[in-house]
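Here's the structure, in structure tokens; my notes come after.
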Amino acid sequence: MSVKISGAIITFNEEKNIKRCIDSLKEVCDEIVVVDSLSSDNTVSIAKELGAKVIEQKFLGHIAQKQLAVDNCSNDWILSLDADEELSKELIEELKELIKKPLSAEAYSMPRVSFHLGRWIRHGGWYPDRKTRLFNKQKAHWGGYNPHDKVIVNGETKKLKNDIRHYVFKDLRHNIDTNNSYSSIMAEDLYKNGKKFSMMLLLFKPLGKFLETYVYKRGFLDGLPGFIIAVGAAYSMFLKYAKLWELENVKKTKN
């Protein structure tokens, strides 16, 4: 008897992505649970038409929102995807073979390949970008720190071979907007944890990030997109520490 799996997705205005995501999960899942953060587009209606159970919940943060989806799944085994992801055909076949018999680990990770600027990005630290997405909810839960959530597993995690496909950004503007948003979250996290701004960090962290992404992790092999990604990563690092300075400066002014 095969293992029963619940698919878990969180969404917000994902009408352009949600069908692709759900259709791939339906190949291996017995149910699909979507927790939607009060979308203003057709995400909810599309998900319901495709047979998903939809829960509408104001956004609680990446970790809490994903855990809410897990908690509302009826099966112990969870396959969690972001709405802008899908299982590759090769991964679907690998999963079908895997669940034909009892699973031998508490969780499974799989590589994730991202599509950006017209190509699949396989360097610069973007690949294999291995993610734990199949897990037993009795032995694992969502943790980490926002927005960098991850599955925390009490037990063994085994590796699968084939890819999750990630349609990471709609365009370069979306990439820049995301870097801006995430740098704010990370700066606030540093501030709350008592990390102090320094000019050395502001000057050298961005440079180090560019060299790491473009040279050490061979982003240059992805052509001009690799260069653009490396510059964006450096700028995001610059923003993080500039915003940390801003938080400290605002605090001093108010006091």
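Here are S6, S88: which of them is closer than 23 Å to D149 by Cα and crowded, with 21+ Cβ neighbours inside 10 Å? If you could, list the steps in order and put the result at the bottom.
On the way: S88 fails: crowded, with 21+ Cβ neighbours inside 10 Å.
The unique qualifying residue is S6.
Tally time: how many residues in region 165-197 are more than 30 Å from S80 (Cα to Cα) and without any contact (Cβ under 8 Å) to a residue 40 or more places away in the chain?
Looking only at that region, the number is 1.
Right, E86: in a strand (DSSP E or B), over 23 Å from Q138 (Cα atoms) and touching a helix residue (DSSP H, G or I) at 6+ places or on another chain (Cβ under 9 Å) or not?
So E86 fits the description; yes.
Among the candidates L221, L239, L207, which residue alone is surrounded by fewer than 17 Cβ atoms within 10 Å (Cβ to Cβ) and touching a residue at least 40 places away in the same chain (Cβ under 8 Å)? Walk me through it before giving the result.
On the way: L239 fails: surrounded by fewer than 17 Cβ atoms within 10 Å (Cβ to Cβ); L207 fails: touching a residue at least 40 places away in the same chain (Cβ under 8 Å).
Sole residue among the options that is surrounded by fewer than 17 Cβ atoms within 10 Å (Cβ to Cβ) and touching a residue at least 40 places away in the same chain (Cβ under 8 Å): L221.
Restricting attention to region 98-145, which residues are β-branched (V, I, T) and assigned to a loop (DSSP other than H, G, I, E, B)?
Within region 98-145, the subset β-branched (V, I, T) is 99, 113, 121, 132.
Residue satisfying the conditions is I99 alone.
Which residue is farthest from F220 (Cα to Cα), if the candidates are limited to region 100-122 and must be crowded, with 19+ Cβ neighbours inside 10 Å and in contact with a Leu (Cβ under 9 Å, 6 or more places away or on another chain)?
A107
Check N180 against each of (1) more than 30 Å from S104 (Cα to Cα); (2) buried (at least 18 other Cβ atoms within 10 Å of the Cβ); (3) polar (S, T, N, Q) and name the one condition it does not meet.
Checking N180 against (1) more than 30 Å from S104 (Cα to Cα); (2) buried (at least 18 other Cβ atoms within 10 Å of the Cβ); (3) polar (S, T, N, Q), the one that fails is (2).
Taking interchain pairs and intrachain pairs at least six residues apart, which have beta carbon atoms under 9 angstrom, with the first residue in region 49-64 and outside the structural domain of V28 (by TED's automatic domain parsing) and the second hydrophobic (A, V, I, L, M, F, W, C)?
Final answer for the pair search is none.
Please go through region 46-56 and give me each residue that is in contact with a strand residue (DSSP E or B) (Cβ under 9 Å, 6 or more places away or on another chain) and in a helix (DSSP H, G or I), ordered by number.
A47, K48
Of E156, E212, which residue is outside the structural domain of S104 (by TED's automatic domain parsing), on the phi < 0 side of the Ramachandran plot and among the acidic types (D, E)? If you could, list the steps in order and put the result at the bottom.
Working: E156 fails: outside the structural domain of S104 (by TED's automatic domain parsing).
From the options E156, E212, the qualifying one is E212.
Could you please give the count of residues in region 89-117 that are within 17 Å of K170 (Cβ to Cβ) and modelled with pLDDT under 95?
So the count comes out to 0.
The values are calculated or read from the model by the stated rules, or taken from the named source; none is laboratory data. Since this is a predicted model, take the numbers as computed values, not measurements. Virtual Cβ from ideal backbone geometry, glycine too; neighbours counted across all protein chains shown.
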